[in-house]
Amino acid sequence: MDRRPGPSVRLRLTVSYALFLVVAGSLLLAIVWLFLLRYVPAEAVTVRGREFSDGTIGPGLFVPGRNDLWRAFAPKAFASLVFLLLLGLAGGWFLAGRMLAPLTRITEATREAAGGALGHRIRLPGRGDEFRELADSFDSMLARLEAHVAEQQRFAANASHELRTPLAITQTMLEVARSDPSRDPGELIERLHLMNARAIDLTEALLLLSRSDQRAFTSEPVDLSLAAEEAAESLLELAERRGVAVEVSGDAAPASGSYALLLQLAVNLLHNAIVHNLPEGGLVRVATGVDAGDAYLIVENTGKVLAPQLVATLTERFQRGSGRTRTDHVGIGLGLAIADSIARAHDGSLTLAPREGGGLAATVRLPAAS
């Protein structure tokens, strides 16, 4: 925004300090005049000395009048006010510079951040005051902004890579088919269909992730138990095909938010639990309820023993747990990331923990609705 240049804050503070001193000095002189000189006669008074018996006269007494005192006092008072003005300007300029020095550092840091230097920090020394609280808040904001930008850059790079993969495979298959006209087109069409479905799934996941990150939804009463039951019904065929039993139990878990997003959260957790399970005889347990003012949804599944270091990275975008993913379902690496984003968009949390006997326990906690 273009603004007309104006006087600096330091100059305005300096003038304010100087004017304050001059006004204070003027008030002090006015008090002296009103409360002291008002009792002095306007004209001078001369008292004749005592006359002795030998005819001599003693020393007399001269009492100056108010006018005499004013003529002697006015130049000194004017000089004092000029001195106070000069002292206020010099001292005010120095004090204003000292007081505004932290603000200058904050301004420089803001300009560097606007230029893209998000790694710069103010780190203002000294005890806590308003300027230091502002500097610390700005440093915290820069740290969060830097982390967010780095995350977005990684996300953009990973998304580009993930989207490029099915397109590159499609391009390769088309080139092979063009070079070999006798090749069976049925196999090519089937593989192209799979690659196209994978690209569509990835695009839809990216759109859903963006929607949850921006909190672009309208809140309404939602029961997590109903969302869990609907998610289990929609994935029942997948669970039966993989030989995984799904058990849904628990009480009502009233929350507030978008039913569509919370249903997608439950679907993602259940889908992840079904796909990353034992080859045979797998089990998924789903529980809902209210505890300590939070509505919770817990999804536990059997499977291989997971290292805590691996579990800590599963909510990262495009992160796939190596050793857990079956070859017939690679996935796009966004299921748990989307679930975590949806939970945070509803002021909740998603916690992942490895189970002792193998598998994963995912716990979603949202503020319970009355």
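In angstroms, what radius of gyration and Dmax does region 116-252 have, counting Cα atoms only?
24.9, 80
Taking 0.36 nm per residue of separation and subtracting the Cα-Cα distance, what length does fully extending Leu278 through Asp291 add? Please report the intermediate quantities before stating the final value.
On the way: separation 13, 0.36 × 13 = 4.68 nm, distance 3.05 nm.
Extending this stretch completely gives an extra 1.6 nm.
If the chain between Leu188 and Leu11 were fully stretched, how many nm would it gain, using 0.36 nm times the residue separation less the Cα-Cα distance?
56.0 nm
Rounded to the nearest 10 degrees, what's the angle between the helix 9-35 long axis and the longest principal axis of the chain, both from Cα atoms, 0 to 90?
30
If you build a Gaussian network model of the chain, linking Cα atoms that sit under 10 Å apart, which residue out of Arg98, Arg66, Arg285 swings the most?
Arg66
Could you state the angle between the C-alpha long axis of helix 130-179 and the longest principal axis of the C-alpha atoms of the chain, as a value from 0 to 90 degrees rounded to the nearest 10?
In the chain, helix 130-179 runs at an angle near 30 degrees to the longest axis.
Using the Cα centre as the reference, give the magnitude of the dipole from point charges on the C-beta atoms of the chain (Lys, Arg: +1; Asp, Glu: -1; all else neutral), rounded to the nearest 20 debye. Spell out each step's value before the answer.
Numbers: 37 positive and 41 negative charges, 513 e Å.
My answer is approximately 2460 debye.
Relative to the longest principal axis of the C-alpha atoms of the chain, give the angle of the C-alpha long axis of helix 185-213, reported between 0 and 90° and rounded to the nearest 10°.
Orientation of helix 185-213: about 30 degrees from the principal axis.
Just Gln153, Gln264, Gln171 to compare: in a GNM of the chain, with alpha carbon springs under 10 Å, which one fluctuates most?
Largest GNM mean-square fluctuation: Gln171.
Put a dot 7 Å past each Cα toward the Cβ at Val305 and Glu175; how far apart are the dots in nm?
That separation, rounded to one decimal, is 4.6 nm.
So for the chain, what are the equivalent ellipsoid semi-axes in whole Å, largest first, each being the square root of 5 times an eigenvalue of the Cα gyration tensor?
They are 86, 27, 16 Å, listed from largest to smallest.
Note down the magnitude of the dipole of region 208-287 about its Cα centre, charges +1 on Lys and Arg C-beta and -1 on Asp and Glu C-beta and zero elsewhere, to the nearest 20 debye.
Result for region 208-287 is approximately 300 debye, rounded to the nearest 20.
Could you point to the residue in Asn277, His346, His193 farthest towards the positive end of the chain's charge dipole, with +1 and -1 charges on the Cβ of Lys/Arg and Asp/Glu respectively?
It is His346.
Rolling a 1.4 angstrom probe over the protein chains, ignoring ligands and nucleic acids, what is the accessible area of Arg144 in square angstrom, nearest 10?
Here the residue's solvent-accessible area equals roughly 150 Å².
The values are calculated or read from the model by the stated rules, or taken from the named source; none is laboratory data. All values derive from a computational prediction rather than experimental measurement. Cβ sites come from the backbone with ideal geometry, for glycine too, and all protein chains shown count toward neighbours. The area values use the complete protein model at the heavy-atom level, side chains included, leaving out ligands, DNA and RNA. Shrake-Rupley method; radii C 1.70, N 1.55, O 1.52, S 1.80 Å.
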